[in-house]
Each structure stands twice: as C-alpha cells, then as structure tokens.
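Okay, structure first, notes after.
The values are calculated or read from the model by the stated rules, or taken from the named source; none is laboratory data. Quick caveat: nothing in here was measured; it's all calculated off a predicted structure. Reconstructed Cβ throughout: ideal geometry from the backbone, glycine too, with neighbour counts over all protein chains shown.
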Amino acid sequence: MQDLGLSHLWSQGDFVMRATAIILLVMSLLSWIVILTKAWDLVRLKKMANGAEKRFWHSDDFDHALETLGASEANPFRTLALTGKEAAQHHRASQPQLHDQLDISDWLTRSLKSSIDEAVSRMQSGLAVLASVGSTAPFVGLFGTVWGIYHALIGIGASGVPTIDKVAGPVGEALIMTAFGLAVAIPAVLGYNALSRGNKGVISKLNRFAHDLHAYFVTGARVRPSSSVRQADDASVRLAVKN
C-alpha cells in the first residue's frame, strides 16, 4: 500500500489516464487565468463606475465632464459619452436625405445601445470558458475514474488474487480523478457566478448613464424626478413612519 498514490497512478497509468489528467490540468489553468484576469478588470471597472455619474453631471461643461471620466479608452463610461456626443453632432450636421430621416432620439438610442453592447461583450469575454470548464470537468474526471477502475479490475483479474488490499488500492487511485474533476469545476462555477453578478452591477450603471445621456442630448438636461413624484415619495415615507 505504500507504493500507492499520485506518483504511482501517473507511472502505472496508460496514455488515456495521463491524457485525462493533463486535460484537467489545462482546464484548471485556463479557468484560473480567466478568473484572475476578469476579476482584475471588474475591480477596475467598479473603480471607474464609483462616482463617475456624480462627477460627470456636476461639471461645468461637457468637455470638463469628459475629463472627470479620465483619459483611458477602456473606460466604458467615457466611450459612452463620446459616442452620444458624436451621434448628436452627426445627426445635426447631416443633410436631409432619405437615410437621415431618423429622428435624433432614435439615432441616439441606437448609437448608445451599440456602445453598451460592445462594453458588455468585452466584460463577458472569457466567461464561456468558465461555463464550459464548470460543466465538463466533472465528467472528464469521471471518465478518468471509470477508465482507471476498468484497468485496475483487469489487472486484478489477471493476477488471480482478488483480495481486498489488491482491489482497494487501484480503485482508490482511480477515484482520485473524480476528485480532480470536482476540484477543477468548483472554482470555475463559483468564479463564473461571481463575475456575472459583478458585471450586472456595472451594466446597470451603464444603462442608467446612457439614459441620462440620451435625455441630455435630446432635451439639454438629464432626467430628474418630477416634483409630484418626489411629493408622492415623501408622503409614502411619512405614512410609513406613522404606521
């Protein structure tokens, strides 16, 4: 029994067993690279999003507002603001031709939505790798276990000594592949869920910022709650306090 273990499993395993272990190792490396890379990107995006709208809308003019968003082209909020500005300028400078009959509201909506879609695509790139690893790694490990048990039983049958110590060792070694599969899949699934949840928070702020930009370029001011809505909210708050 002292000869059993990972080294014994690798040395005694055939091509299929070794290939399965290498595949699981590659899947684990890929998933961790994606998790660390996208986690760093998400932290950077959250720093960009924190206070971005407040600084932008409290600026004196649009050019100064762009400066508050920084000079990085990777900032989706800056890209969204520039896209809205360019779309508004293009619409106002266009000649009244057939393809320019789209009103400024629809034109801005299409332009801002296209910018948001590009930002979302960049944020979600790589998550498909985590989803694939999380869903397939347990089955890859199970395949390695089944293959290892099959060869272990063949070897035990050929030796003619089917004692418990001869069975438990090789079968236990084969079961390690299932544990490897789970060890690869669990971080991938947890990373996918955490990154998806974090991306949704940034996307919601992008949508809100795009809505305010749309109102600014169409009407000249961002959307603000009406006085009636504020009065209704204040009344509901007072009623809740009384109750």
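Kindly indicate whether any position in the range 213-236 is within 18 Å of Ala119 (Cβ to Cβ) and either in a helix (DSSP H, G or I) or at pLDDT below 70 (or both).
Checking the range 213-236: at least one residue is within 18 Å of Ala119 (Cβ to Cβ) and either in a helix (DSSP H, G or I) or at pLDDT below 70 (or both).
Filtering the range 56-81 down to residues that are touching a helix residue (DSSP H, G or I) at 6+ places or on another chain (Cβ under 6 Å), of a type in the set (S, T, N, Q) and assigned to a loop (DSSP other than H, G, I, E, B), which residue is farthest from Leu213 (Cα to Cα)? Of everything passing the filter in the range 56-81, Asn75 is farthest from Leu213 (Cα to Cα).
Let me confirm something: among Ser31, Ser7, which residue is at pLDDT 80 or above and either over 30 Å from Ile154 (Cα atoms) or of a type in the set (Ser, Thr, Tyr) (or both)? If you could, list the steps in order and put the result at the bottom.
Values: Ser7 fails: at pLDDT 80 or above.
Among Ser31, Ser7, only Ser31 is at pLDDT 80 or above and either over 30 Å from Ile154 (Cα atoms) or of a type in the set (Ser, Thr, Tyr) (or both).
Does Leu66 meet the test of being out of contact with any Asp or Glu (no Cβ under 9 Å at 6 or more places or on another chain), modelled with pLDDT of 85 or more and either surrounded by 17 or more Cβ atoms within 10 Å (Cβ to Cβ) or closer than 22 Å to Glu118 by Cα (or both)? Against the criterion (out of contact with any Asp or Glu (no Cβ under 9 Å at 6 or more places or on another chain), modelled with pLDDT of 85 or more and either surrounded by 17 or more Cβ atoms within 10 Å (Cβ to Cβ) or closer than 22 Å to Glu118 by Cα (or both)), Leu66 does not qualify.
Scanning the range 82-106 for residues that are under 21 Å from Arg208 (Cα atoms), of a type outside the set (S, T, N, Q) and either touching a helix residue (DSSP H, G or I) at 6+ places or on another chain (Cβ under 6 Å) or modelled with pLDDT of 85 or more (or both) returns Leu82, Gly84, Ala87, Ala88, Ile104. For Thr109, state whether it is closer than 30 Å to Ala87 by Cβ and either modelled with pLDDT under 85 or in a helix (DSSP H, G or I) (or both). Considered against the rule, which asks whether it is closer than 30 Å to Ala87 by Cβ and either modelled with pLDDT under 85 or in a helix (DSSP H, G or I) (or both), Thr109 comes out as yes. Selection within the range 140-168: residues that are among the β-branched types (Val, Ile, Thr) and modelled with pLDDT of 70 or more. The member of this set that is nearest to Ala185 (Cα to Cα) is Val140. So how many residues does the range 132-153 have that are exposed (fewer than 14 other Cβ atoms within 10 Å of the Cβ) and within 15 Å of Val34 (Cα to Cα)? The number of residues fulfilling the criteria is 0.
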